[in-house]
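Quick notes on the structure that follows.
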Amino acid sequence: MTADTAIHPDTPLREVALPATDQCLREDVNRLGALVGEILAEQRGDDFLALVERVRVAAILRREAEAPADELAAQLDGIDPETAEAVVRAFSTYFNAVNLAERVHRIRRRRDYQRDGDAPQPGGLVDALQRLRADGVGIDELATQLARLRIEPVFTAHPTEAVRRALLEKEQEVVRCLVEDMDRTLTPQERRADVERMRTAFTAAWQTAESPPERPTVADELEHVGFYLSDVLYRVLPVFYEMLEDALREVYGAEQGTVPPLPTVLRFGSWVGGDMDGNPNVGADTVAASLASQRGAILAAYRRDLAKLGSVLSQSTTRVAVSDEVLARIDDYRARFPDAAAAIRARHADMPYRNLLTLMAARLEATELDVPLGYDGPDGFIADLERIGRSLAAHRGEHAGGFALRRVLWRARSFGFHLATLDVRQDSAVHTEALGVCLADADFAQASVAERVKRLTAVLAERAPPASMAGDVAAAEPTLAVFRTLAQARRRYGAAALGPYIVSMSRSAADALAVLALARCAGDTDANIAIDVAPLFETVADLEAAPDVLTALLSEPRYSEHLRARGNRQVVMLGYSDSSKDAGMMASRWALQQAQIALFALGREYGVRVEFFHGRGGSISRGGGKTERAVIAAPRGTVDGLLRVTEQGEVIHRKYGIRALALRNLEQTTGAVLRATLRPRPPELREAAWRARMREMAQVSRDAYRALVHEDASFRDYFRAATPIDLIERLRLGSRPPKRAGKGDVSALRAIPWVFAWSLNRCGLTGWYGVGAGLTHGIEQWGVEALAEMVRDWPFFAALVDDLEMVLAKSDLEIFAGYSRLAGPLHDDFFARIDAEFDRARDAVLALKGADELLSGDTRLRLSIRLRNPYVDPINLLQVELLERWRANDRPDDADYRALVATVNGISAGVQNTG
């Protein structure tokens, strides 16, 4: 649906006519909706289905202003907890069906673009390369940049992620059925078979609990992330490279006659098992276990690939020649692996490729067992594959297995023997405390930054642990064990298996030096410790101080020496979540933008490449939104061929849950990074004035946000009453506690549950509060036209306003009012303030866009929200009623609690962008 397909907001939903391009989506939604209804009747009876239908109709009529608001409440009044839970799960099942249909429709639209061939799909690789060529980028310049390109999504565990792997697998079965019938070419018999497959998947999902009975362990989280890495990305990665080759050939190949050989562009990272910050369940043992598990998973995948490849490469020496290097390798491996050689069937003796692949699988097995006969690392495995590739190329084998071989090669080059790079993260305070023990200095934490830097550089100057460690260091042992494990892992798995060591709450040069000093204390005697230290700047104050911290760090001779040994690369992680929780979305975005500009300039001054690692979340307030748009809006020069970004929770599910969509996401991201690197926006003379305005608006917004969230003594009590935060804290959805230890105020709460709480109650406060004040100030100071020009011509400001518009459109303060009333006497004051700020933000957006309705330029999204709202509303009303009763009974683990858990899953499925 395009922006010019106008749908008046007063048009009843039943009269909305979708454009022809979306008719198949409606058919899929209707088909799945009918199937869900049949399943509900089968599982709970016709009376239950009738109840669900009455609630659904009442919710639609309420939204369409055709019935009084209390009619929906009357339908829900007096429902017992068990029935309430079932009603919520019924709506959740419907949401899941609609979500799947919409994702499949994205695949259908992509295929339509490819089939029509009139123009490339916007944001795709062909589109990006055509833009670059039009801007004067030649093939040689492009090839140089491709060699430097690195896209690295980093998957993290997420305390609000609720989709179990068993349910993910059932979703994929439904997707496969919808995709198979995408062109409506199945026979009636085939379609009936697919309906039964989908019925089985939905019915089994209905009979499966959405959440496990116990809080997931780190091992459970590793399995969950492994689903996306092994079942989705492992499969689509070769296709990505084939698409990139095809795009290069289409845009440049006809003129040049060839395309440059592709380097390894994609890699993947993980925090699962390495993120110790505030998680007592993560330490040296989980670091070791995660690395071992990932190696086992990738080596098993390669062995499966070799078996499949062996069935393809069945060439016989009586039919075609084979290179001597392949034959020599077979002889070598027969001697090394006699048992595997003896197991090769005699009738396969004339199939050298198949024989070598069998023996390579034996060597992979030895690698997993960590015995001397195994590969030292992925380079040897890749070399064996390349030997086969050269032989095929030399003997007319490109079309007799070369294609399949290249797919395995792309996987080996990208995933290595580690699958995903494991990052490690810890709070700077933990390091400081451990160092005080190791240095036998009880006053170390209280010493000045200069004194701590002096002590730490002295430790680094020695090639042995400090003499002061001769005493009792048991209190520091958990930290030291991590560094010993990292050193062992580097030797066993190779440097590529380990990512940067991220230091949360970095506030001085001493916080980065502490990592290297602890490695020395743990026994690392190398002159240059092989760790990339990444300070993480999280709050707005920390982001503002980041240039001074980095200046001090780069000016320290011992650290400069360390960086030279690491290729003069300095990783800096930017925290989108805590900065927003600290100062609001507008002030956070501005602080992040300014920090990137200043840190990038510092890197150039010191001859160091500053590599930004973006700690983005799912919701708008945590840096969510369209990745490719954020890349284009980044400050000039700061992308520089690299995008390393966290992927969390429902974002992982939305981007990578379906293979075709994972491929589309990787394609869009790569195209955006190429454009931002090779042809960033030209300098803009007006930008100085825009930045001055933005600085002033951000300060006004920050003041307004902090006045409510951090400076009003009653807000903490209001927050705990007007949101389901007490329910979130009880959910068994992640291995990490939702709060930092030792604190009880809002600042102690982690950013994810903070945002989740305001998303579930439909307020969305974290994405817009304070922004209305900032924009209103700007309009009053410089006029609507001046700010509208910024929206039109400055990508940073345009992205901010568009993201604000989306979160406002998803918010519903009428629903939120029911939650707010749970706060009793606090409701009147706080709700009035929140409601007024919402109006300011909405009015400002409409004024800047010259619109009467939010999302008037994105009819598809506006209609999607409008279609979902009537189905989310009943779940919210039930959640309010259940919360009030559950709290009055002192929050027991009873039927009300189980129904509340179901409401969390239901609202999340309906609203999306919740964490």
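The values are calculated or read from the model by the stated rules, or taken from the named source; none is laboratory data. Please read these numbers as outputs of a predicted model, since none were measured by experiment. Because the Cβ atoms are built from the backbone with ideal geometry, glycine has one as well, and the counts that use them run over all protein chains shown.
Below is a table of values for the structure above.
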quantity	calculated
The stretch 90-149: number of residues that are outside any loop (DSSP other than H, G, I, E, B), under 24 Å from residue 682 (Cβ atoms) and not β-branched (Val, Ile, Thr)	15
Near pairs, Cβ below 8 angstrom, 6+ apart or cross-chain, from the stretch 211-231 (closer than 12 Å to residue 156 by Cβ) to any residue that is assigned to a helix (DSSP H, G or I) and charged (D, E, K, R)	224/165
Test set (1) surrounded by fewer than 17 Cβ atoms within 10 Å (Cβ to Cβ); (2) out of contact with any Asp or Glu (no Cβ under 8 Å at 6 or more places or on another chain); (3) not aromatic (Phe, Trp, Tyr) - residue 197 fails condition number	(2)
Test result for residue 62, within 37 Å of the chain's Cα centre (by Cα), part of a helix (DSSP H, G or I), farther than 23 Å from residue 908 by Cβ and not assigned by TED's automatic domain parsing to the domain that holds residue 760	no
Single residue of 492, 558, 507, 564 found to be under 15 Å from residue 449 (Cα atoms) and either surrounded by fewer than 22 Cβ atoms within 10 Å (Cβ to Cβ) or at pLDDT below 95 (or both)	507
Hey, residue 91 modelled with pLDDT of 90 or more, buried (at least 17 other Cβ atoms within 10 Å of the Cβ) and under 30 Å from the mean Cα position of the chain (by Cα) or not	yes
Only one of 290, 311, 323, 316 that is buried (at least 21 other Cβ atoms within 10 Å of the Cβ) and either polar (S, T, N, Q) or more than 23 Å from residue 501 (Cβ to Cβ) (or both)	290
Filter result for residue 721 (buried (at least 20 other Cβ atoms within 10 Å of the Cβ), in a helix (DSSP H, G or I) and outside the structural domain of residue 815 (by TED's automatic domain parsing))	no
Which numbered condition residue 418 fails, given (1) under 35 Å from the mean Cα position of the chain (by Cα); (2) under 19 Å from residue 521 (Cα atoms); (3) of a type outside the set (S, T, N, Q)	(2)
Filter pass, residue 286 being β-branched (Val, Ile, Thr) and free of Cβ contacts under 8 Å to residues at least 60 places away in the same chain	no
Helices (runs of 4 or more DSSP H) fully within the stretch 466-563 counting 1 or more residues that are touching a Gly at 6+ places or on another chain (Cβ under 7 Å), within 30 Å of residue 368 (Cβ to Cβ) and not polar (S, T, N, Q)	477-493
Any hit, the stretch 819-833, residues being more than 21 Å from residue 621 (Cα to Cα), in contact with a Pro (Cβ under 8 Å, 6 or more places away or on another chain) and assigned to a loop (DSSP other than H, G, I, E, B)	no
Verdict on residue 651 being hydrophobic (A, V, I, L, M, F, W, C), out of contact with any Pro (no Cβ under 7 Å at 6 or more places or on another chain), in contact (Cβ under 8 Å) with a residue 24 or more places away in the chain and closer than 27 Å to residue 137 by Cβ	no
